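Chemist: One structure, pasted below without further comment.
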Amino acid sequence: MALATPLRHLIAGQPAAPEPTGAPASLTAQRAFLPHHRGRLHARFAASPSAGTARVVATAAAGAAGRPTVLVTEKLGAAGLELLRSFANVDCAYELTAEELRAKVSLVDALVVRSATRVSREVFEAARGRLRVVGRAGVGIDNVDLQAATEAGCLVVNAPTANTVAAAEHAVALLAAMARNVAQADASLKAGKWQRSKYVGVSLVGKTLAIMGFGKVGSEVARRAKGLGMDVIAHDPYAPVDRARAIGVDLVSFDEAISTADFISLHMPLTPSTTKLFDDETFAKMTKGVRIINVARGGVVDEEALLRALDNGTVAQAALDVFFEEPPPKDSKLVHHENVTVTPHLGASTMEAQEGVAIEIAEAVIGALKGELAATAVNAPMVLAEVLSELSPYIVLAEKLGRLAVQLVAGGSGIKGVKVVYSSARDPDDLDTRILRAMITKGIVEPISSAFVNIVNADYVAKQRGLRIIEERILLDGSPEVPINSIQVQLANVESKFAGALSDEGDIRVEGKVKDGTPHLTLVGPFSVDVSLEGNLILCRQVDQPGIIGKVGSILGKMNLNVNFMSVGRIAPGKQAIMAIGIDEEPEKEALKLIGETPSVQEFVFLKL
């Protein structure tokens, strides 16, 4: 089994459509990497490596010539549109009403938006399962209902890197312009006045800048502020201390940051915990005369509270690029305040950033539709790029084991619990199994759910069905170079006939290994076998007697079914045994009936992998 093919199928379970002639060569899995917060690389993986199990993203209800359809609702750079058109049918429809968007979304496979379009739960419901990718051309995704997207199995990707420098530069531009009253002095001079004494500013050298949110943009602002001679501190409970120190920045508590800073620059995302974080109580803790810059999200600041802080002198000046409501009301007192410098959300508005964002989001959307790695997925499991490369064969094994185990439950009373055991010589802290757990979840859930299931919503669907998955690590002796020796999936107390034959507790236990890059089934209950986990598989439980293999093989031969492998595991001669048979095609019911009627065959099951 070629592993390159499964890794391309990130959202759908079937092979993606052939890449159209002329598709950009740069759209490869190798682009699916971006800086990890420890300075390493990571990729977000949103895939289904199994074939023949779900819908095809790139071909589902696609447009002419099998091409997917992409709806673009806000202006996108020409280079990005050109990329999209090389792969898909592109519908550019700007300034849609919510009703118009809902009407269009059921006709497209992907949706590309900026910050103005709200992709609500109603939009995903209106899509009726067709929409597979939402691309946000920019960083913030607060205008997309991520929970609804996940429930719908829709991957959400953004473009977080292309406008990082532009946003940082704009923050520094506002910082300097505010400190020197550039906007006010410009307006005064154009009004025919010459007021040099009125617009005396403050120096930046030696002043303390507190950066609230030390991600990509915050880090770039810190570097530039250090170059201006400022002392920089930062608050971010999730930022690594070592990364901050490498830039010469001390991470401090929230209260220390806001109470000691001369300038405060906001760079946090808009979440329930950060909404109106800067309110009356927060402003009251600040040094009198503090200056504030916000190029992040308007909602993190209580604008009425900021206006009061400006009026009472707590905040000397503010420079704002974002607002709670965009555009803000024409009569906004905050916008017209003499000590406020404003710009109309220009953080990413450089020619270079606009083109970069357009290209980045186009590549992310095309990659997702093609089933390639989605580095910038925001609602899918994330795994380090080097780990993804190392674990790629185990990703296939993980889903196959989940799929096999759940099919052995047929006729039982339901799954009471799921346990996954990883055996490895590698220290558990050095073994990232999140993607494997996600793939096992998908393998278990998909065959028993009527809903569309992919890696994006597998955990959600499992939770809805009450499935609780527990992971366990077994540390082995030996070389840690091989990441995983085996993966075992246990389904507890399923009480099916096959399970009852495998254990007294009625559990299903299957184990597999990767051999020469191919997933193999190596254990079914207490029985050792060795078969490739692909295609069609028949498992027979029988009494270990001479002639059983020949009888079953003869039945398959008479039905013109070719056997491509066979393995028998037994506990002891003459006792219980398991026979695993791989066949090229799905057998007719008559063949399965004859196998079940074969003397000494006590139980059997046909499995599609």
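Chemist: Label-point separation (nm) for Ser188 and Gln602, each offset 7 Å from Cα along Cα-to-Cβ?
Modeler: 9.5
Chemist: List the lysines whose Cα sits under 18 Å from the Cα of Lys226, skipping any in the same chain fewer than 8 residues away.
Modeler: Lys207, Lys216
Chemist: Oh, and also: Filter the cross-link list Lys193/Lys288; Lys515/Lys575; Lys75/Lys198 down to pairs whose alpha-carbon distance in this structure exceeds 32 Å.
Modeler: Over 32 Å apart, Cα to Cα: Lys75/Lys198.
Chemist: Could you please rank Ser424, Ser188, Ser203, placing first whichever residue has the fewest other Cβ atoms within 10 Å of its Cβ?
Modeler: Ser203, Ser188, Ser424
Chemist: In addition: Going by average Cβ neighbours within 10 Å, how do the peptides 218-229, 265-276 rank, with the highest at the top?
Modeler: My ranking of the peptides, most packed first, is 218-229, 265-276.
Chemist: Here's something else I'd like to know. Relative contact order, percent, of region 156-261 when contacts are C-alpha pairs under 8 Å separated by at least 6 residues?
Modeler: Worked out over region 156-261, it gives 24 percent.
Chemist: What is the sum of charges, Lys and Arg at +1 and Asp and Glu at -1, for the other residues whose Cβ falls under 14 Å from the Cβ of Asp516?
Modeler: Net local charge, Asp516 excluded: 0.
Chemist: Quote to one decimal, in nm, the extra length available between Leu107 and Asp430 on full extension: 0.36 nm per residue of separation minus the C-alpha distance between them.
Modeler: 111.8 nm
Chemist: Let me ask something else about it. Out of Gly298, Ala185, Thr271, whose Cα points farthest toward the positive end of the dipole of region 164-342 (charges: +1 Lys, Arg; -1 Asp, Glu; placed on Cβ)?
Modeler: Going by the charge dipole, the pick is Ala185.
Chemist: Take the alpha carbon gyration tensor of region 159-204, find the square roots of its eigenvalues, order them as a ≥ b ≥ c, and report rounded if a/c is under 1.5; if not, report prolate when a/b exceeds b/c, else oblate.
Modeler: oblate
Chemist: Rounded to the nearest 0.05, what FRET efficiency is calculated for Glu125 and Leu146 with R0 set to 22 Å and r the Cβ-Cβ distance?
Modeler: Efficiency for this residue pair is about 0.90.
Chemist: Could you sort 158-167, 434-443 so that the peptide with the highest average Cβ count within 10 Å comes first and the rest follow in order?
Modeler: 434-443, 158-167
Chemist: Roughly how many nanometres apart are two label points built 7 Å out from the Cα toward the Cβ at Lys593 and Thr287?
Modeler: Those two pseudo-labels are separated by 8.8 nm.
Chemist: Same structure, new question: Checking the cross-link filter: which aspartates and glutamates have an alpha carbon closer than 20 Å to that of Lys551, excluding same-chain neighbours under 8 positions apart?
Modeler: Qualifying aspartates and glutamates at Cα under 20 Å: Asp584, Glu585, Glu586, Glu588, Glu590, Glu597, Glu603.
Chemist: Here's another thing I want to ask about it. Order these by the 10 Å Cβ neighbour count, fewest first: Met566, Met230.
Modeler: Met566, Met230
Chemist: So, one more: Set Lys and Arg Cβ to +1 and Asp and Glu Cβ to -1, take the dipole of region 535-609 about its Cα centre, and tell me which of Phe606, Gly557, Cys540 lies farthest positive.
Modeler: Cys540
Chemist: Hey, which lysines would be in cross-link range of Lys330, C-alpha to C-alpha under 22 Å, not counting anything within fewer than 8 residues on its own chain?
Modeler: Hits, sequence-local ones excluded: Lys190, Lys276.
Chemist: So between Asp311 and Ser389, what do we pick up on full extension, going 0.36 nm a residue minus the alpha carbon distance?
Modeler: 22.4 nm
Chemist: Follow-up. Please give the peptides 284-295, 392-403, 302-313 ranked by average Cβ packing (other Cβ atoms within 10 Å per residue), highest first, as a rough proxy for protection.
Modeler: Packing order, densest peptide first, comes out as 392-403, 284-295, 302-313.
Chemist: Figure the gain on full extension for Glu95 and Asn562 (residue separation times 0.36 nm, minus the Cα-Cα span) and round it to one decimal in nm.
Modeler: My answer for the length gained is 162.2 nm.
Chemist: For the residue pair Glu82 and Lys463, what label-to-label distance in nm results when each label sits 7 Å from Cα along the Cα-to-beta-carbon direction?
Modeler: 4.3
Readers should treat all values here as calculations from the given coordinates under stated rules, not as data from a laboratory. Since the model is a prediction, treat every value here as computed from it, not as a measurement. For neighbour counting, all protein chains shown are included, and Cβ atoms are generated from backbone atoms with ideal geometry for every residue, glycine included.
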